[in-house]
Amino acid sequence: MRRIPLSLLLLLAAIALPTGCRKKDGGTATTQAARTATLQLNWKPEAQFGGFYAAGLPGGAFAARGLDVTVTPGGVGTPTVQMVGAGRADFAVVSADEVVVARSNGNDVVALLAVYQDCPQGLMTRASRGFKGIGDVFKANGTVAMQKGLPYAQLLERQYGFDKVKVVPSPGGDVSVFLKDETFAQQCFVTSEPLAAKRAGVEPKTFLVKEAGYNPYTTVLVTRGELLLKDPARVRDVTQACKAGWDAYLADPAPANAAMRALNPGVDAATLAESAEVQKPLILTDDAKANGVGSMTLARWEELVRQLADLKVIDKAPAAGTCFVTPAALDAAAAGR
């Protein structure tokens with residue numbers, strides 16, 4: 001009989017099972033059911049999810065592994081991290097800081113794959129204002145539209161102060177005010193709003209929050225600890241298929257872009273193609289080139305946990321090593337070693 005090594009047992013044991021979470025039928029899943037899965041996104045079908053849709057194409061990575069995965073688009077406020085923790089979705093897309101906050105609150109979510117190695121979140125200003133760094137946004141009078149309660153907003157306020165700017169709620173991707181008001185800056189994904197502004201004839205200048213020292217993994221695939229413990233082979237296969245989907249999308253985004261356009265007619269082909277190109281440097285960092293798309297390190301998770309604790313975003317810091325699972329650990333768990 002093959003034995004699971006102590007290191008893996010300790011890792012899986014650290015992923016606490018959520019109270020009251022049970023299989024709906026109370027029994028053992030059939031082989032057919034075990035090959036199905038649900039993947040909940042936190043936004044509409046756009047380039048930031050291209051690899052997941054590439055995996056779901058006919059003959060794609062999901063089918064190659066005998067998986068039937070339902071990918072469900074999200075929208076403003078889609079509570080993906082809560083949905084996974086509550087068992088309403090098998091897998092979901094979240095940000096790394098959401099994982100840390102969730103685990104600190106007893107929500108049993110675990111990261112499997114981190115698409116964006118560098119966070120695509122930033123602040124978009126008019127290029128005509130001549131700002132050289134993200135701190136300059138807060139040194140000039142004007143309006144900044146962003147979700148003030150987000151961790152990176154708290155970090156920006158601590159580092160630069162908001163005394164000279166008026167902070168208003170984020171417009172949620174709408175750039176209409178930005179186009180009219182030269183002193184208006186807003187939070188953005190570098191793959192989205194800046195492209196929309198430029199197409200409308202206004203030259204943007206974007207500063208990543210990474211410049212302020214905050215760089216959580218983003219577009220992170222997660223599952224819940226219970227599913228990881230009960231069915232590690234399915235978790236491994238979905239994770240590997242998602243990685244393969246991203247490899248395929250980075251090589252040729254056109255097929256998945258066509259599929260996403262059919263689901264999200266509001267985005268045009270040119271925008272999807274441009275977004276796919278703009279996001280490549282954020283995905284294919286040196287670490288990703290060396291260790292594979294979606295790879296994660298303990299050091300990055302430790303740094304994020306420290307930052308969130310320092311910002312008082314979390315009261316109880318989870319052990320960084322319990323926030324994610326490596327491919328090697330997934331392979332070992334699936335093999336029963």
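The table below gives the values:
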{"read-out": "Cubic angstrom per residue, convex hull over Cα atoms of the range 121-212", "value": "80 Å³"}
{"read-out": "Lysine pair count for the range 121-212 [Cα-Cα under 13 Å; pairs on different chains or 8 or more apart]", "value": "4"}
{"read-out": "Nearest 10 degrees, 0 to 90: helix 269-278 Cα axis against the chain principal axis", "value": "80 degrees"}
{"read-out": "Efficiency of FRET between Leu298 and Val168 - r from beta-carbon atoms, R0 56 angstrom, step 0.05", "value": "0.90"}
{"read-out": "Relative contact order (percent, whole number), the range 215-315, Cα cutoff 8 Å, 6+ residue spacing", "value": "24 percent"}
{"read-out": "Proximal lysines to Lys230, defined as alpha-carbon separation beneath 25 angstrom and excluding residues fewer than eight positions away on the same chain", "value": "Lys23, Lys24, Lys243"}
{"read-out": "Point-to-point label distance, Asn264-Thr326, nm (Cα→Cβ direction, 7 Å offset)", "value": "3.4 nm"}
{"read-out": "Using alpha-carbon coordinates, inclination of helix 232-251 to the longest axis of the chain, degrees", "value": "40 degrees"}
{"read-out": "The range 161-232-the range 41-94 distance, computed between alpha-carbon centres (Å)", "value": "20 Å"}
{"read-out": "The range 121-212 - percent relative contact order, Cα under 8 Å, separation 6 or more", "value": "47 percent"}
{"read-out": "Top of Pro169, Pro79, Pro194 by mean-square fluctuation, Gaussian network on the chain, Cα under 10 Å", "value": "Pro169"}
{"read-out": "Helix-only CD estimate at 222 nm, as mean residue ellipticity for the chain, using -39500 (n - 2.57) per DSSP H run (n ≥ 4)", "value": "-11000 deg cm²/dmol"}
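Where a number appears in this text, it was derived from the coordinates with a stated rule and is not lab data. What you see is a predicted model; the values in this text were computed from it and never measured. When we count neighbours, we look across all protein chains shown, and the Cβ atoms used for this are built from the backbone with ideal geometry, even at glycine.
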